[in-house]
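Q: My questions all concern the structure below.
Please treat every number below as a calculation from the coordinates, not as lab data. Small disclaimer: the values here were computed from a predicted structure and weren't measured. Glycine gets a Cβ as well: all are built from the backbone with ideal geometry, and neighbour counts include every protein chain shown.
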There are 2 protein chains.
Amino acid sequence: MRSEDRRELILAAAMRVFGDSGYVGTTTAEIARAAEVSQPYVVRMFGTKEKLFIEVLGRALDLLMQTFRGVVEQADGQDLHQRIGLAYVELAETPGLLLSLMHGFVLGNDPVIGREGRRGFMVVYRFLRHEAGFSAEEANQFLSGGMLINTMIGLRMAEDLADPDVRELMETAFPTKLDAMRGLLGEQR
Amino acid sequence: MRSEDRRELILAAAMRVFGDSGYVGTTTAEIARAAEVSQPYVVRMFGTKEKLFIEVLGRALDLLMQTFRGVVEQADGQDLHQRIGLAYVELAETPGLLLSLMHGFVLGNDPVIGREGRRGFMVVYRFLRHEAGFSAEEANQFLSGGMLINTMIGLRMAEDLADPDVRELMETAFPTKLDAMRGLLGEQR
DNA sequence: GTCTATACCAAGATAGAC
DNA sequence: GTCTATCTTGGTATAGAC
């Protein structure tokens, strides 16, 4: 296989596994197993585990921004907030994407991961404020909701959906298609 | 020193260090150094690193709930939302408290830490809904804001306050005494 | 481009002395 | 109650063959 294709496979596997166990908690051997290559090959291809994680963060941010820009281009209307929220939730379907970012965010103390995390977060903030037309307050609310969603995913809260309180929390935290429909019809929240 | 006092010292040190480096990224040796005891003593006192982390999570949750209940008892009025938000921000002054919780939250995949994290999060949610009188929507907004605050702290975003976008984001995310004053005077946001 | 074998180090935990 | 010494495991990274 061409090394470039292999690279993609390893990156996708790494995103998944990093999302599951965090940066430190993930071993290069687990990533290798998930990508069906040998452990030394993973290290050889990316240099170090740290560099691989940084690549995963960059990849996750790229996908996120690509999605957001797509939404803005398509919907130049009122319900941008709704649509972008929905798009965000759909990103949760890419294994490890939101969680790898989240793991990066809590490691701000680490000199290299922290720098990358802050940079990435601000890329999103600047997009919301200067391209998508969000006010500071709107951007704040959007990002807040996003962080709660990330937390719910990180906690695997969906495992306890039998509990009515959990169900209520989850249904309130996650924008649904239904909410989007309502928004498109112009009703109030 | 009595072992109970020593225990408190180690717990406080552990909370700080876990907050800095996360559960996996923290070594028992670092905690020991921070608490000025030997590494084996830390392990001996708590059994395993995992048990120590669980204790830290429990302690963090206790302090959080204690603070929240204090606010509710004192302020049986309108501005509960404001006051409780302020109280939350003040918890950030206890080193590692919010961050240890946050590290627990992203490790929901871990069988024992995940269980404890979900349980703790729901303790807070139930308190908001069934004791503090928040609606589902209000609880959601409060927790969302909290998760953004945790993320900003985790990212060490304050390091980049020279950047005007960062400053704006931080000022919007963190409830300030000023906002609280405004709230108490009955103005609208 | 990919593997096997392995060096090397760090970390959690245990034994046992004082 | 607290330490020093140490066992043991597991993980990153390197060497080098195919």
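Q: Among rounded, prolate and oblate, which fits region A:103-155 when a ≥ b ≥ c are the square roots of the eigenvalues of its C-alpha gyration tensor, a/c under 1.5 means rounded, and a/b larger than b/c means prolate? Before the final figure, lay out each step's value.
A: Values: a/c = 3.17, a/b = 1.33, b/c = 2.39.
Note, shape of region A:103-155 comes out oblate.
Q: From the phi of every residue in region A:156-167, what ³J(HN,Hα) in whole Hz does the Karplus formula 6.51 cos²θ - 1.76 cosθ + 1.60 yield, where θ is phi - 60° and glycine or proline is x?
A: 6, 4, 4, 5, 9, 4, 5, 6, x, 5, 4, 4
Q: If you average the sequence gap of Cα pairs under 8 Å that are 6 or more apart and divide by the length of region A:53-155, what percent do you get for the contact order?
A: Details: 60 pairs, mean separation 28.2, N = 103.
Once divided by the residue count of region A:53-155, the mean separation gives 27 percent.
Q: Pairing the Cα long axis of helix A:3-25 with the longest principal axis of chain A, what angle in degrees results, from 0 to 90 and rounded to the nearest 10?
A: 70 degrees
Q: Still on this structure, please answer the following. Using Cα centres only, tell me the gap between region B:24-42 and region A:1-78 in whole Å.
A: 33 Å
Q: Something else about it: Apply the Karplus curve 6.51 cos²θ - 1.76 cosθ + 1.60, θ = phi - 60°, to the phi angles in region A:50-61 and return the couplings in whole Hz, x for Gly and Pro.
A: Each residue of region A:50-61 in turn: 4, 4, 4, 5, 4, 4, 5, 4, x, 4, 4, 5 Hz.
Q: Counting other beta carbons within 10 Å of each residue's own, what order do A:48, B:28 fall into, fewest first?
A: Working: A:48 10, B:28 18.
Sorted ascending by nearby Cβ count, the order is A:48, B:28.
Q: Something else about it: Quick check on the protein assembly as shown: take the gyration tensor over C-alpha atoms, sort the square-rooted eigenvalues as a ≥ b ≥ c, and tell me if it's rounded (a/c under 1.5), prolate or oblate. Don't skip to the answer; put the middle values down first.
A: On the way: a/c = 1.67, a/b = 1.03, b/c = 1.62.
Oblate is the answer for the protein assembly as shown, as a/c is 1.5 or above yet b/c matches or exceeds a/b.
Q: Here is a follow-up. Relative contact order (percent) for chain B, with alpha-carbon contacts under 8 angstrom and 6 or more residues of separation? Kindly include the intermediate steps, with their values, before the conclusion.
A: Numbers: 156 pairs, mean separation 39.3, N = 189.
RCO, chain B: 21 percent.
Q: Treating the angle as unsigned and between 0 and 90°, give the value, to the nearest 10°, between the Cα long axis of helix A:80-91 and the longest Cα principal axis of chain A.
A: For A:80-91 against chain A, the angle is about 30 degrees.
Q: Just from its helices, what would the mean residue ellipticity at 222 nm be for the protein assembly as shown, if runs of 4 or more DSSP H residues each count -39500 (n - 2.57) and the sum is divided by every residue, rounded to the nearest 500 deg cm²/dmol?
A: Details: 20 runs with 280 residues, N = 378.
So the calculated ellipticity at 222 nm is -24000 deg cm²/dmol.
Q: Let me ask something else. Modelling each spin label as a point 7 Å along the Cα-to-Cβ direction, I'd like the residue A:66/residue B:33 distance in nm, to one decimal.
A: Between residue A:66 and residue B:33, the label points sit 4.2 nm apart.
Q: What angle, in degrees between 0 and 90 and rounded to the nearest 10, separates the Cα long axis of helix B:97-106 from the longest principal axis of the Cα atoms of chain B?
A: 80 degrees
Q: Once the dipole of region A:53-155 is set up with Lys and Arg at +1 and Asp and Glu at -1 on Cβ about the Cα centre, which of A:82, A:54, A:123 lies farthest towards its positive end?
A: Result: A:54.
Q: Enter the Cα centre distance for the pair region A:92-108 and region A:120-161, rounded to the nearest angstrom.
A: With region A:92-108 and region A:120-161 each reduced to a Cα centre, they are spaced 12 Å.
Q: Rounded, prolate or oblate: which fits region A:63-189, taking a ≥ b ≥ c as square roots of the Cα gyration tensor eigenvalues, rounded meaning a/c under 1.5, else prolate when a/b beats b/c?
A: Note, shape of region A:63-189 comes out oblate.
Q: Then there's this: When chain B is modelled as a GNM with alpha-carbon springs shorter than 10 Å, which of B:114, B:96, B:154 fluctuates the most?
A: Of the options given, B:114 has the highest mean-square fluctuation.
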